[in-house]
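Participant: Mind looking over this structure? Questions follow.
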Amino acid sequence: MEVRRTVPVKLDVADSDADLLHETVSEFLWAANYVVDHAWQGEYKTTSKAELQRETYDHVRAETRLQANLVQNARNKAADAVQSVVARWKQGDYAGKPHFSAPTLVYDKRCATFNDDHATLSTVDGRITAEYVLPDENRETPHSKYLFNTNYEVTGAELHYREGDFYLHVRTKADVEFETADEGNDEHSTVLGVDLGIENVAVTSTGTFWNGSELNHWHREFEKRRGSLQQRGTRAAHETIQSVGRTETGRYDHFLHTVSKELIAEAVETDCDVIAFENLTGIRERMPNAKKFHVWAFRRLFEYVEYKAEVVGISVEQVSPTYTSQRCSKCGTTLRENRQTQEWFCCQKCGYEVNADYNAAKNIGLKYLRSAQKSSSGGAPVNVRLNRGTLNVNGDYEPACEGQNESPRENPSADAQSARRQTKSDGTLNEANGDAVSE
């Protein structure tokens, strides 16, 4: 399996070299936006990189001081953005014309050389040497795990400028072999279902909740501050908005990284081979209260879980979300009336009452379970991991092994400012009969 990792490295560059990098970034962004403008002409958008190369290369070379490889990288960045927009249109989603303004620049191995302690980077006036600012060698960091690991090959990098410093986001890849349950027909594969939401960012089929109050609070506060600054309309206010945006994104990323790491830990602790999410396409339409911000957060969380799961040999899949909120995960009855409120599920047939997000998480796991069942010729059976035991495709419940999740987990206080894992607030759930067990 091919694993890809990106390692951010702070750079130490001389003032004169920093000026060259700023000029190079400026011309690179102009080139990328020029290609987007060209691709956007007419009713049909041009997405072919070869066609855009033929139609824009000579003009960009004549109008900029970029060397050939940087021109091609700008073309690729523009073409990828236009392709992404067209793909969203085909899915029925709205997307506008791309425009690049963030100070970034794409390097590959033809226009940059990556060494152990420095990199040489092409600019509009030759190459400059940028020293790496590296962390303590005595502790494990992404630099030691990927950048200096001979098993990982450096494939390129993206230059970023923020808060007065340049950073090189170095891309690496390696072929890693994992031993999975599918390698033997006598092994079981276990899936962890994950439901995404607004009040609870993520809920698993093991009954673990990640509260979204902190994330939503930050979003509301940043929106208020941004609106106040926009009303001023001054240059200083505009610069402050950009600074606020960077702070906002940093906080969101930290929060989502925390949740993704704990989701992976949950899957490892419960011996899961697969993490199943609902398909994110059209998720905003399915959640009336969801904003564009929430859709971004869901996609970012999925991406973080996906690449972190590769390292521990867990696959991440998406399943159709159809009826996962209306189906009873105990008896299978699907009725709109089963979803009593946004927070609570009550089956009209069997009377099973449970948190709605938890019920949906189990249904997501069950959907993957059914789709993953192999033909009668053989294959690894799949179980859904619950908070105490597992459930198979026939609806048969198997209690946890002796000593494994036998006692309810301690219920921590519901602190809205924490991204820590929390079990269901009114107790764990007895999977054998669906009853709540108070702590």
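Participant: Taking region 76-110, which residues are among the aromatic types (F, W, Y), assigned to a loop (DSSP other than H, G, I, E, B) and in contact (Cβ under 8 Å) with a residue 24 or more places away in the chain?
Facilitator: Answer for region 76-110, where residues must be among the aromatic types (F, W, Y), assigned to a loop (DSSP other than H, G, I, E, B) and in contact (Cβ under 8 Å) with a residue 24 or more places away in the chain: just F100.
Participant: Also, quick follow-up: Could you tell me whether any residue of region 4-18 is surrounded by 14 or more Cβ atoms within 10 Å (Cβ to Cβ), assigned to a helix (DSSP H, G or I) and in the same structural domain as V154 (by TED's automatic domain parsing)?
Facilitator: yes
Participant: Let me ask another. State which residue is farthest from the chain's Cα centre (by Cα) when the search covers only region 225-255 and only residues that are at pLDDT below 70 and among the basic types (K, R).
Facilitator: Here the residue is R232.
Participant: Of everything in region 325-339, what is crowded, with 20+ Cβ neighbours inside 10 Å and part of a loop (DSSP other than H, G, I, E, B)? Give them in sequence order.
Facilitator: Passing the criteria: S325, C328, S329, K330.
Participant: Which one of K45, K49, K77 is over 22 Å from C111 (Cα atoms) and touching a helix residue (DSSP H, G or I) at 6+ places or on another chain (Cβ under 9 Å)?
Facilitator: Just one listed residue meets the conditions, K45.
Participant: So the check is Cβ under 7 Å with 6+ separation or different chains; which pairs have a first residue in region 24-41 that's without any contact (Cβ under 8 Å) to a residue 24 or more places away in the chain and more than 16 Å from R127 (Cα to Cα) and a second one that's aliphatic (A, V, I, L, M) and part of a helix (DSSP H, G or I)?
Facilitator: H38/L52
Participant: Further, regarding this structure: Are there any pairs, at least 6 apart or on different chains, whose C-beta atoms fall under 6 Å, with the first in region 349-360 and in contact (Cβ under 8 Å) with a residue 40 or more places away in the chain and the second among the polar types (S, T, N, Q), and if so, which?
Facilitator: Qualifying pairs under 6 Å: D357/N200; A360/T324; A360/S325.
Participant: In the list G126, G156, which residue meets the criterion of being loosely packed, with under 13 Cβ neighbours inside 10 Å, more than 30 Å from E43 (Cα to Cα) and modelled with pLDDT of 90 or more?
Facilitator: Among G126, G156, only G126 is loosely packed, with under 13 Cβ neighbours inside 10 Å, more than 30 Å from E43 (Cα to Cα) and modelled with pLDDT of 90 or more.
Participant: Which members of region 40-75 meet the condition of being assigned to a helix (DSSP H, G or I) and of a type in the set (A, V, I, L, M, F, W, C)?
Facilitator: Of everything in region 40-75, those that are assigned to a helix (DSSP H, G or I) and of a type in the set (A, V, I, L, M, F, W, C) turn out to be A50, L52, V60, A62, A68, L70, V71, A74.
Residue-wise test of (1) outside the structural domain of N73 (by TED's automatic domain parsing); (2) small (G, A, S); (3) exposed (fewer than 15 other Cβ atoms within 10 Å of the Cβ); (4) farther than 23 Å from V25 by Cα.
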{"residue": "A87", "(1), (2), (3), (4)": "no, yes, yes, yes"}
{"residue": "K90", "(1), (2), (3), (4)": "no, no, yes, yes"}
{"residue": "K97", "(1), (2), (3), (4)": "no, no, yes, no"}
{"residue": "T104", "(1), (2), (3), (4)": "no, no, no, no"}
{"residue": "A112", "(1), (2), (3), (4)": "no, yes, no, no"}
{"residue": "S122", "(1), (2), (3), (4)": "no, yes, no, no"}
{"residue": "E140", "(1), (2), (3), (4)": "no, no, yes, yes"}
{"residue": "Y161", "(1), (2), (3), (4)": "no, no, no, no"}
{"residue": "F166", "(1), (2), (3), (4)": "no, no, no, no"}
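Participant: Residue check: is V9 in contact with a strand residue (DSSP E or B) (Cβ under 9 Å, 6 or more places away or on another chain), within 30 Å of S144 (Cα to Cα) and at pLDDT 95 or above?
Facilitator: Considered against the rule, which asks whether it is in contact with a strand residue (DSSP E or B) (Cβ under 9 Å, 6 or more places away or on another chain), within 30 Å of S144 (Cα to Cα) and at pLDDT 95 or above, V9 comes out as no.
Participant: Further question on the same structure: For region 307-320: of the residues being buried (at least 17 other Cβ atoms within 10 Å of the Cβ) and of a type outside the set (S, T, N, Q), which is farthest from L256 (Cα to Cα)?
Facilitator: For region 307-320, the residue satisfying everything is V319.
The values are calculated or read from the model by the stated rules, or taken from the named source; none is laboratory data. Predicted model only: the values in this text are computed from it and were never measured. All Cβ positions, glycine included, derive from the backbone under ideal geometry; neighbour counts span all protein chains shown.
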